Amino acid sequence: MADDILLTAQGISRAYGPHPALCGIELTLRRGEVLGLLGLNGAGKSTALQIFAGVMPPDAGRVAICGHDVIEDPRAAKRQLGFLPEVPPLHPDASVDEYLTFCARLHGLASAAVADGVREAKRRCRLEDVGGRLIRNLSKGYRQRLGIAQAILHKPALLILDEPTSGLDPVQLAEVRTLVRELGRDHSVIFSTHILSEVRAVCDRVAILHRGRIVCDQPLASVDPVLRIRLRRAPGRAIIAALEGVLDCEDLGAGTFALRVADADATAERIAAAARDWGLVALEHDENALERTFLALTCRDDTPDATADAA
């Protein structure tokens, strides 16, 4: 249904001088989805998020949030949007309560609703005990949670989080992961990162951005499975790669190969039959399927990507 589509990006392009950062990307996000936007540094992630949020105009294309064009009707679009940039927009000399009250007014909350909005955002982000503290005295984990709190004050339909777990210690990381999963129940979320484990931990869909183009967009559960095989008498990699159902073959050394496949069960049967003369020692599912797919799509050559985006 159209009401379930919260973000539509059509033909989005952006260049910095002669260097293309985004090249006609298309993306749709539905209600209740947590999308992991993956990419190497410089892939165009931060540029894409700033365009989605209406912070930066595209050179070409259109973005709509809940049906509102972010350029033609920015107020209506941004009322449905919560945005956490990579560097949270915090004021170090304000207290947590002062800052959230200020943000609530910026988001247009009615005066009578400000206190309740601040209280609810603090509860959801576990900030109840630090309301009177100066932001400059907060840990990195608390500052990240405060950045998320300002993004959800007005109960937006769509949340855009740019590297929300960057620089956190393991305890802080677990806390922010839990928070993002909880937010995904009530909001649609775009979670941008270059850390694949973060996508596995919190997302249900993945889009891979490479050289300004989306090269993969699918549910996380349907990412191409990977089989790992070990052989006593391994043939050349090209022979294994030519087997029906094998999409990509990586030689891991010592007779071990990682195979990205279209259908794990069917391909496993074909491999078992073909490998009788190869001395098949092991055939198993590889838990690093997302990593294999990401590397296969983004590391096919060593040519540097000349863009000005430091996503």
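Annotations for the structure displayed:
- Failed item in (1) within 24 Å of the chain's Cα centre (by Cα); (2) more than 22 Å from Gly167 (Cβ to Cβ), with Leu90 passing the rest: (2)
- Residues (in contact (Cβ under 8 Å) with a residue 24 or more places away in the chain and under 29 Å from the mean Cα position of the chain (by Cα)) located in the stretch 93-108: Val96, Tyr99, Leu100, Cys103, Ala104, His107, Gly108
- Selected residue (criterion: nearest to Val180 (Cα to Cα)) from residues of the stretch 16-47 that are touching a Gly at 6+ places or on another chain (Cβ under 9 Å) and hydrophobic (A, V, I, L, M, F, W, C): Val34
- Checked against (1) under 22 Å from Thr193 (Cα atoms); (2) in contact with a His (Cβ under 9 Å, 6 or more places away or on another chain), Lys78 meets all criteria but (1).
- Flag for Ala264 being at pLDDT below 90, outside the structural domain of Lys122 (by TED's automatic domain parsing) and either closer than 20 Å to Arg124 by Cα or touching a His at 6+ places or on another chain (Cβ under 8 Å) (or both): yes
Residue by residue, here is whether (1) at pLDDT 95 or above; (2) of a type in the set (A, V, I, L, M); (3) under 14 Å from Ala157 (Cβ atoms) holds:
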residue: Ile5; (1), (2), (3): no, yes, yes
residue: Arg31; (1), (2), (3): no, no, yes
residue: Met56; (1), (2), (3): no, yes, no
residue: Ala76; (1), (2), (3): no, yes, yes
residue: Pro89; (1), (2), (3): no, no, no
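- Single residue of Ser188, Ser166, Ser192 found to be out of contact with any strand residue (DSSP E or B) (no Cβ under 7 Å at 6 or more places or on another chain), of a type outside the set (A, V, I, L, M, F, W, C) and assigned by TED's automatic domain parsing to the domain that holds Gly82: Ser166
- Restricting attention to the stretch 199-236, the residues that are closer than 28 Å to Gly24 by Cβ and out of contact with any strand residue (DSSP E or B) (no Cβ under 8 Å at 6 or more places or on another chain) total 3.
- Answer from Ile214, Ile239, Ile208 - the residue that is closer than 22 Å to Cys299 by Cα and modelled with pLDDT under 90: Ile239
The values are calculated or read from the model by the stated rules, or taken from the named source; none is laboratory data. Please read these numbers as outputs of a predicted model, since none were measured by experiment. Virtual Cβ from ideal backbone geometry, glycine too; neighbours counted across all protein chains shown.
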